[in-house]
Amino acid sequence: MEKQIEIILVDDEALFRSGIKFILEREPNLKVVFEASNGNELLNYLKRAKRLPDIILMDLKMPMLNGVETTKILNTLYPQLKVIALSSYDTRSFIINMINEGVSSYIIKNSTPQEMIETINKVHQKGFYYNKLTLKIINDEKKNKSNTAVKSVLDPDFLTNREYQILEHICLEFNTQEIAEKLSISPRTIEVHRNNLMEKTKSKNVAGLVVFALQNDLISIETLLKMS
Amino acid sequence: MENIENVEIIRVIIYIFFAFILMGSAVLVFVYFSRKKIIEQKIKNREKEIAHQKTLINAIIETQEKERNRIAQDLHDDISSGLNVVAINCYMLKTPNLDYNEQLKITNTILELTNKVLQSSRRIAHDLLPPVIDKFGLHEGIKELVENINNIGQLQIKYNNHLNFDDLAHEKHLHVFRILQELINNSLKHSEANTITIDFNQDSDGIKLHYSDNGKGFDVTNSVHKKGLGMKNIESRISLLQAKLTVDSKLNQGTHFLIHF
Ligand SMILES: Nc1ncnc2c1ncn2[C@@H]1O[C@H](COP(=O)(O)OP(=O)(O)OP(=O)(O)O)[C@@H](O)[C@H]1O
Ligand SMILES: [Mg+2]
């Protein structure tokens, strides 16, 4: 059997957590390894945990340490963790705020179980999953902050052709193996390119790469919307 | 001789004439300046009044914002998150192959939560405007308020009403109710009293509301007690009611409010 995706739920509403756990664990490949009712509980658990989980489902509004602050701390302590924001707020500023913190996805609490499960699977496989609303909000955001973007993007040598090609494939939700096959180069090389990309764009993960590409017109929102 | 006398007379007349003119202008100048002073004083008073009105308006706005904030919180915490869990549980019910016990458990959770959400929405609506005032009038509204506080048990309220509130214009009822709520809140929060009395009566002077607690009182003249919003709100309602408020309180001798409608 393939390895299960290990998930931590962080939400202050116990009944909500147990509902989500019930639904997720009906899927044979999903396993909830821990539940926390606020950011502090999560951090305490991670400090002692032998192994990091694959995915964290993070509520935003919680007592003690809320989801935004917790995600910030995770970014410095465990940058490799993939966080999915799970919130009752669906407004622009909340979404953008979390995207800027590098979350791999943002879904609202009344999403259907299918949407939640799909999001978790995609984030696990590709490192990010943004629905139409989120993509549109990320895309709109670039208008507000034009000129502040990294100047070197305009430099034609900013990305090599190869890097650009790989960035495009990442945005289109291909994983390393698939890109390697399509471009007939080794997965190892792809990984090197990807790391260079993250360094150049100052992204902490694949999700950050996609946000960067979208906001700097390296890929158009139409292309991304066509796929989903 | 005559000529000289005439000249003298004319001179006296001229002096008198000038003396009058001088006095006249002195009076004019005096009147002018004192008028100016009076007007300046009036302007000053007016400015003071306007400044006071402004603080009252600010107090109203600030209170409203606080209220809205609280309602938004309540809606989010109690209603939205409750309904989120209800939705999740409905999805759970839809999953195939549930056994009877699982179904029963989920259904019970849904029922329980629905009841809780219902209660919350009722409470939020009630906080906004107790429906009893609208349906059964101010007297019943105050009775309910008093009963609710007495049930908590921190202190006891004695409520006496010797008048028919129908004599009080209907649009004034809510103001009276809000003033009482605020006064009671203050007694609960600041006074350490164990008894409050609320007394409405009417005499040839008009309608009077006596409110007192037997708590520790406060120094009415001390400005440290002017920072809150509560008393400002009461003041603005009093001025809307065109009523008069007298506060009488001394340290350790309770607090007495008289509102004269
Ligand atoms: N019944 C009372 N007994 C003793 N002290 C009182 C009483 N009512 C008011 N005070 C004093 O007067 C102050 C002003 O009251 P006010 O209602 O304006 O503000 P607050 O209650 O402190 O704050 P807010 O009403 O804005 O929540 C209080 O802080 C308290 O010191
Ligand atoms: Mg008060």
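The values are calculated or read from the model by the stated rules, or taken from the named source; none is laboratory data. These numbers were taken from a predicted model, which means no experiment stands behind them. So basically every Cβ, Gly included, is an ideal-geometry build from the backbone, and we count neighbours across all protein chains shown. Heavy atoms of the whole protein, side chains included, go into the accessibility calculation; ligands, DNA and RNA do not. Shrake-Rupley method; radii C 1.70, N 1.55, O 1.52, S 1.80 Å.
The Kirkwood radius of region A:51-102, taken over pairs of alpha-carbon atoms, gives through the Stokes-Einstein law at 37 °C and 0.692 mPa s a diffusion coefficient of 289 µm² s⁻¹.
Ordering A:19, B:85, A:45 by Cα displacement along the dipole of the protein assembly as shown toward the positive end leaves A:45 in first place; charges were set at the Cβ atoms of Lys, Arg (+1) and Asp, Glu (-1).
For peptide B:85-94, what's the mean number of Cβ atoms from other chains within 10 Å of each residue's Cβ? List each step's numbers first, then the result.
Details: counts 9, 2, 6, 14, 6, 1, 9, 7, 0, 3.
Across the residues of B:85-94, the mean count of other-chain Cβ atoms within 10 Å is 6.
If you run the Gaussian network model on chain A, springs between alpha carbon atoms under 10 Å, then out of A:74, A:218, A:57 the most flexible one is A:218.
The spread of Cα positions in chain A, taken along each principal axis and listed from longest to shortest, comes to 52, 43, 33 Å.
Summed for both chains, how many Å² of accessible area, to the nearest 100, are buried between A and B with a 1.4 Å probe?
Numbers: alone 11890 and 18420 Å², together 28960 Å².
It comes to approximately 1400 Å² buried between A and B.
Listed by chain and number, the lysines whose alpha-carbon sits under 17 Å from that of residue A:31, ignoring those within fewer than 8 places in the same chain, are A:3, A:21, A:50, A:82, A:122.
The Kirkwood hydrodynamic radius of region A:5-129, based on inverse pair distances between different Cα atoms, is 14.2 Å. Radius of gyration (Cα atoms) of region B:145-220, expressed as a multiple of 2.2 N^0.38 Å: 1.16. As a length-normalised measure over Cα pairs under 8 Å and 6 or more apart, the relative contact order of chain A settles at 15 percent. Estimated purely from DSSP H runs of n ≥ 4, each contributing -39500 (n - 2.57), the mean residue ellipticity at 222 nm for chain B is -22500 deg cm²/dmol once divided by its residues. Proximity of backbone amide H atoms, modeled 1.01 Å from N, is registered between residue B:159 and B:198 at under 5 Å, excluding neighbours fewer than 5 places apart on the same chain.
Calculate, in whole percent, how much of the Cα-Cα pair population of the protein assembly as shown lies beyond 39 Å.
Numbers: 63776 of 119316 pairs.
The share of Cα pairs beyond 39 Å in the protein assembly as shown comes to 53 percent.
Per-residue mean of foreign Cβ neighbours for A:11-22 is 5 (Cβ atoms of other chains, 10 Å radius). Solvent-accessible surface (1.4 Å probe) assigned to residue B:75 amounts to roughly 80 Å². Taken residue by residue and averaged, Cβ atoms of other chains lying within 10 Å of the Cβ of B:109-115 number 1. The order of the peptides B:194-203, B:83-92 by mean Cβ neighbours within 10 Å, most packed first, is B:83-92, B:194-203. Using a probe of 1.4 angstrom and keeping all protein chains present, the accessible surface of region A:1-72 works out to 47 square angstrom per residue.
Each part gets one Cα centre, and for region B:44-92 versus region B:147-195 those centres are 23 Å apart. Helix-only mean residue ellipticity at 222 nm, chain A, DSSP H runs n ≥ 4 weighted -39,500 (n - 2.57), per residue, nearest 500. What is it? My calculation for chain A gives -16000 deg cm²/dmol from helical runs alone. Ordering B:24, B:96, B:186 by the projection of their Cα atoms onto the charge dipole of the protein assembly as shown, which places +1 on the Cβ of Lys and Arg and -1 on the Cβ of Asp and Glu, puts B:24 at the extreme positive end. Carbon-plus-sulfur accessible fraction, the protein assembly as shown (probe radius 1.4 Å, protein heavy atoms only): 55%. Accessible surface area normalised per residue over region B:130-260 is 55 Å², counting heavy atoms of protein chains with a 1.4 Å rolling probe.
To the nearest 0.05, how large is the calculated FRET efficiency for residue A:172 and residue A:4 if R₀ is 25 Å and r is the Cβ-Cβ distance? The partial results should precede the final answer.
Working: r = 27 Å, r/R0 = 1.08.
Calculated transfer efficiency: 0.40.
Pairwise inverse Cα distances across region B:1-119, averaged and inverted, put the Kirkwood hydrodynamic radius at 23.1 Å. Exceedance of the 18 Å cut-off in Cα-Cα distance is limited, within the set B:189/B:226; B:172/B:226; B:66/B:227; A:132/A:226, to B:172/B:226.
Within the set of other residues whose C-beta is less than 14 Å from the C-beta of residue B:85, count the net charge using Lys and Arg as +1 and Asp and Glu as -1.
Numbers: positive: A:17, A:21, A:109, B:105, B:116; negative: A:11, A:12, A:13, A:59, B:77, B:78, B:112.
The answer is -2.
Taking packing as the residue-averaged number of other Cβ atoms within 10 angstrom, the listed peptides A:118-129, A:171-182, B:120-131 run from highest to lowest as A:118-129, A:171-182, B:120-131. What the phi angles of region A:183-189 give under the Karplus curve with 6.51, -1.76 and 1.60, with θ = phi - 60°, is a coupling list of 9, 6, 9, 6, x, 4, 4 Hz, glycine and proline written as x. Look at the alpha carbon pairs under 8 Å that are at least 6 residues apart: their mean separation over the length of chain B gives a relative contact order of 13 percent. The modelled label-to-label distance between residue A:47 and residue A:76, using points 7 Å beyond Cα along the C-beta direction, is 1.5 nm. In terms of the mean number of neighbouring beta-carbon atoms within 10 Å, the peptides B:27-33, B:144-150 order highest first as B:144-150, B:27-33.
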